[in-house]
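*Asks:* I'd like to ask you about the structure that follows.
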Amino acid sequence: MTVDSFYPTSLQPENPDDRNSCYAVYNSTPNGSPTTIAAAYTDLVNAQVRILGSDGSGGFTVLADTPAGLNLSGMSCDVKLIDVNGDGANEIMAMLSAMHGAKAWIFRWSGSTLVNISPLETNANETFSRLVDPAFIDLYHDGTLQVLSAGGELEPLEVFRLQAGAYVYDKGILGAAQFTIGADPRSNNMTFHLLADSTGPFTVRVVNGDRLGQQRVTGGSVQVNGTEVISSSQLTSSVEVVSSSLGKLPAENTLEVSLTGSNNAFVVVMVEDSTKRP
């Protein structure tokens, strides 16, 4: 069995080389044989997600397709599995890449249907995902993962959070990143820019470790433009969240993080302005 043998007839590639497929094994037997597969397909323009299931005789069959009314598109694809709410069941993320970035769709597999939990927008009577070049990140330690979606060059980074079983818009921020001990020290910095509507004060917020209280750093400090805004006495292994308020900032800024602790311990740093955005 090949995943490509279940290529949807609704997709119309101009030539065979335009057929693209990708997949992840959603469930398997104890010996590792797949029983459920999450697959995505593209024809360089449109895309579709399918769930394939074992038919009990060594073959597979289509169990479910993309929910009706959603417009999936992309040139290439990638499927990842991630548990967004800590319930032990993975959600399915289909990343669909195009020339100007990647759109992502997040689905929950109910056992019989694919349920979209992506935030949506409608344009010209077509419905699209709002997730652009997304990254899962734990900003709030509320038991769920948030999604960061890239805004335009002069737009805020968008945060989406899980509410009532689906991702909804939370707020726009200036920047966010995860910093991990053991990574290349040259990566322990980020730049962020003020936006045309940015107003102070500005907040630097540090979340220590994961949502289970593990992988915390034992110490660290944060500098913005060379000035320490969070000290090693504030960021310790017993601290879950610490923040600092800044009155004024220039248009372009550099944030640097210094951490101590075991390898793979990490912090998430978020920078916000005071502008209220819809």
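The values are calculated or read from the model by the stated rules, or taken from the named source; none is laboratory data. All figures in this text were calculated on a predicted structure; none of them were measured in a lab. Quick reminder, even Gly has a Cβ in these numbers, built from the backbone with ideal geometry, and neighbours come from all protein chains shown.
*Asks:* Looking for whichever is in contact with a Leu (Cβ under 6 Å, 6 or more places away or on another chain), assigned by TED's automatic domain parsing to the domain that holds Y23 and of a type in the set (V, I, T) here; the options are T127, T122. Which one fits?
*Replies:* Of T127, T122, the one residue that is in contact with a Leu (Cβ under 6 Å, 6 or more places away or on another chain), assigned by TED's automatic domain parsing to the domain that holds Y23 and of a type in the set (V, I, T) is T127.
*Asks:* Now a separate question. K103: within 15 Å of the chain's Cα centre (by Cα) and closer than 17 Å to A39 by Cβ, yes or no?
*Replies:* Working: within 15 Å of the chain's Cα centre (by Cα): yes; closer than 17 Å to A39 by Cβ: no.
Considered against the rule, which asks whether it is within 15 Å of the chain's Cα centre (by Cα) and closer than 17 Å to A39 by Cβ, K103 comes out as no.
*Asks:* Right, another one. List the strands (runs of 3 or more DSSP E) that sit entirely inside the range 1-73 and contain at least 1 residues that are surrounded by 13 or more Cβ atoms within 10 Å (Cβ to Cβ) and over 28 Å from the mean Cα position of the chain (by Cα).
*Replies:* In the range 1-73, 47-54, 60-65 are the strands (runs of 3 or more DSSP E) which contain 1 or more residues that are surrounded by 13 or more Cβ atoms within 10 Å (Cβ to Cβ) and over 28 Å from the mean Cα position of the chain (by Cα).
Residue-by-condition table, conditions (1) over 22 Å from D142 (Cβ atoms); (2) assigned to a strand (DSSP E or B):
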residue	(1), (2)
S233	yes, yes
S238	no, no
S244	no, yes
E256	yes, yes
N263	yes, no
M270	no, yes
S274	yes, no
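*Asks:* Say whether the condition of being in a loop (DSSP other than H, G, I, E, B), surrounded by 16 or more Cβ atoms within 10 Å (Cβ to Cβ) and assigned by TED's automatic domain parsing to the domain that holds Y23 is met by at least one residue in the range 91-106. I'd like the intermediate steps shown before the answer.
*Replies:* Applying the first criterion (in a loop (DSSP other than H, G, I, E, B)) to the range 91-106 yields 99-100.
Checking the rest, the ones that are also surrounded by 16 or more Cβ atoms within 10 Å (Cβ to Cβ) come to none.
No, the range 91-106 has no match at all.
*Asks:* Just a yes or no: is a residue in the range 167-180 at pLDDT below 95 and part of a loop (DSSP other than H, G, I, E, B)?
*Replies:* no
*Asks:* Also, quick follow-up: Just to be sure before I move on: is S231 buried (at least 17 other Cβ atoms within 10 Å of the Cβ), of a type in the set (G, A, S) and at pLDDT 95 or above in the structure I sent? First the steps, then the outcome.
*Replies:* Details: buried (at least 17 other Cβ atoms within 10 Å of the Cβ): no; of a type in the set (G, A, S): yes; at pLDDT 95 or above: yes.
No: the conditions fail for S231.
*Asks:* What number of residues within the range 9-31 satisfy the criterion of being touching a helix residue (DSSP H, G or I) at 6+ places or on another chain (Cβ under 6 Å) and not small (G, A, S)?
*Replies:* 1
*Asks:* Within the range 184-210, can you find the residues that are in a loop (DSSP other than H, G, I, E, B) and either without any contact (Cβ under 8 Å) to a residue 60 or more places away in the chain or more than 16 Å from L259 (Cα to Cα) (or both)?
*Replies:* Hits for the range 184-210 are D184, L194, L195, A196, D197, S198, T199, G200, P201, G209.
Yes/no matrix, rows are residues, columns are (1) farther than 25 Å from T2 by Cα; (2) touching a strand residue (DSSP E or B) at 6+ places or on another chain (Cβ under 8 Å):
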position	(1), (2)
F60	no, yes
L70	yes, yes
V84	yes, yes
G88	yes, no
I92	no, yes
I117	yes, yes
I137	yes, yes
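*Asks:* Given the conditions (1) closer than 20 Å to S243 by Cβ; (2) touching a residue at least 24 places away in the same chain (Cβ under 8 Å), report the number of the one that L162 does not fulfil.
*Replies:* The number of the failed condition is (1).
*Asks:* Every residue in the range 120-147 that is under 13 Å from the mean Cα position of the chain (by Cα) and over 14 Å from N71 (Cβ atoms), please.
*Replies:* Within the range 120-147, V132, D133, P134, A135, F136, I137, D138, L139, T144, L145, Q146, V147 qualify.
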